[in-house]
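Handing you this structure, nothing more for now.
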Amino acid sequence: GRCGSSQQLKQMQIPSPPGWDGHESNVIWEKAVIPFASADCGSDAEEYPQALMDTVQRANVGGAGYRLVAVFMPLKHQNGVLEHLECVNVGVKAMCFFQRVPRAPEEALESCVYSTAFEPFKQGNPESVVYENLKTAKDTMFPVSGIVAEPQKAYPHIGEHIAHVICQRPDGDAPDMSDKKYTVATCKSDLEPDKFAKFLAGFSSSQKILKITSIFRPPNFPAKTDVHFVFESAPRRYHMAHVDLEFCTSTSQVKHDLYTGTIARAAEKGWELAGIFDMLNGTVSPNGKTFTCTIRLVFQAGKVEDQPQPQAPAVTPQAGLAQEPTEDLQQHEGALLKAAASEARQDLQQHEGALLKAAASEAQQDLQQHEGALLK
């Protein structure tokens, strides 16, 4: 019933991305109560995007230039269904993460939201209607910052849900998005660490130059645990990496600093937070006092092509690269991994960082004194 030593995360030494030029990323977070959107919960669906957008706007007061990158609402298994961990009478306490990437100016941003109802448990690709908003965002010259599903008291296997595509751009400045392309691919929430590293490696080394713009998990239940990765065309290639952490906390006072500290240290090294999700293994102790799950943090960092690329002190995928991801949003279920050219594979092994191999041996030695976080 207690977290034990799991409550003391080791202050890990996180390696910087290969070729890092010393520019830090900046990440801030704010906890916001997002109202339930279900009609039987006494709330209106329109309240949800408004509550989220109010939080987004507060992060940009004074021209801070922080873009939304993730909204995290941990899930627990309760009475045979998935429920949000931090439910209150009117909604869910969500951790909203905002980021100003390296070299980004401190400029005021304007935001908009496109909301779509969909039935996530239908056969086929029910989320395709959500991704139609990617084209809408492009047509209105609003870059996508994130995609978030409405909170629910419990995730039923039927009925409509609402997804919100959050877009942001410099205030009064509509960027040229004529060449912008979005690609969507899926993987399982609980995909094994080495396979997940290969999944990321395929997109990092794809012939197309891509970066992660959002990680979206539609409503899940035990037979459907997909996480959706939305990639966008980028001006340069990106290293991509992940860290898995055990998250154990009191249910009465959830302490998110057990993983936000890792995010902050990665930002200091130039890594950008790409997304965060739990692996749907969240359980509550028999006495109801503690909650434990595994959190997967996904990072990326732009490659500095004009600087030497040293050997990264991190775990690197040993298998081949991913197949080219499909551009057809109606067939987004894609991007199965395949072997690629040995030259590309060798370059990936030298330069691609899945974080923290350097810290792994040190963490193993004091595992009983510090927190074991699975670092792959």
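The values are calculated or read from the model by the stated rules, or taken from the named source; none is laboratory data. Computed from a predicted model, the values in this text were never measured in an experiment. Cβ coordinates were reconstructed from backbone atoms using ideal geometry, including for glycine residues, and neighbour counts include every protein chain displayed. Accessible surface is based on the protein model in full, side chains and every heavy atom, while ligands, DNA and RNA are left aside. Shrake-Rupley method; radii C 1.70, N 1.55, O 1.52, S 1.80 Å.
Tell me the net charge near Ile209. Cut-off is 9 Å between Cβ atoms, Ile209 excluded, with +1 for each Lys or Arg and -1 for each Asp or Glu.
+4
Next up: On full extension of the chain, what length is gained from Gln253 through Glu110, given 0.36 nm per residue of separation minus the C-alpha to C-alpha distance?
Full extension of this stretch gives 48.1 nm more.
Hey, if you put +1 on the Cβ of every Lys and Arg and -1 on every Asp and Glu Cβ in segment 182-309, which of Trp271, Met240, Tyr182 ends up farthest toward the positive end of that dipole?
Toward the positive end, the furthest listed residue is Tyr182.
Can you give me the long-range amide H partners of Val254? Hydrogens built in the peptide plane at 1.01 Å from N, cutoff under 5 Å, separation of 5 or more residues or another chain.
none
Once a ≥ b ≥ c are taken as the square roots of the eigenvalues of the Cα gyration tensor of segment 77-129, is the result rounded (a/c under 1.5), prolate (a/b larger than b/c) or oblate (a/b not larger than b/c)?
oblate
Let me ask another. Once label points are set 7 Å from the Cα along Cα→Cβ at both Asn89 and Glu192, what is their separation, rounded to one decimal in nm?
Placing both labels 7 Å beyond Cα along the Cβ direction yields 4.9 nm.
Whole-Hz Karplus ³J(HN,Hα) for segment 204-214, in order, using 6.51 cos²θ - 1.76 cosθ + 1.60 and θ = phi - 60°, x for Gly and Pro?
5, 10, 4, 4, 7, 9, 10, 9, 7, 9, 6
Between Gln207 and Asp171, with labels modelled 7 Å along Cα→Cβ, what's the label distance in nm to one decimal, could you check?
With each label point 7 Å from Cα toward Cβ, the separation is 4.4 nm.
Further, regarding this structure: Take the cross-link list Lys211/Lys269; Lys76/Lys198; Lys122/Lys198; Lys31/Lys211 and give me the ones stretching past 22 Å between alpha-carbons.
From Lys211/Lys269; Lys76/Lys198; Lys122/Lys198; Lys31/Lys211, over 22 Å: Lys76/Lys198; Lys122/Lys198; Lys31/Lys211.
Using a 1.4 Å probe, what is the accessible area per residue for segment 206-300, in Å²?
Result: 30 Å² of accessible area for each residue.
Next question. Within 9 Å, Cβ to Cβ, of Pro143, how many net charges do the neighbouring residues add up to if Lys/Arg are +1 and Asp/Glu are -1?
+3
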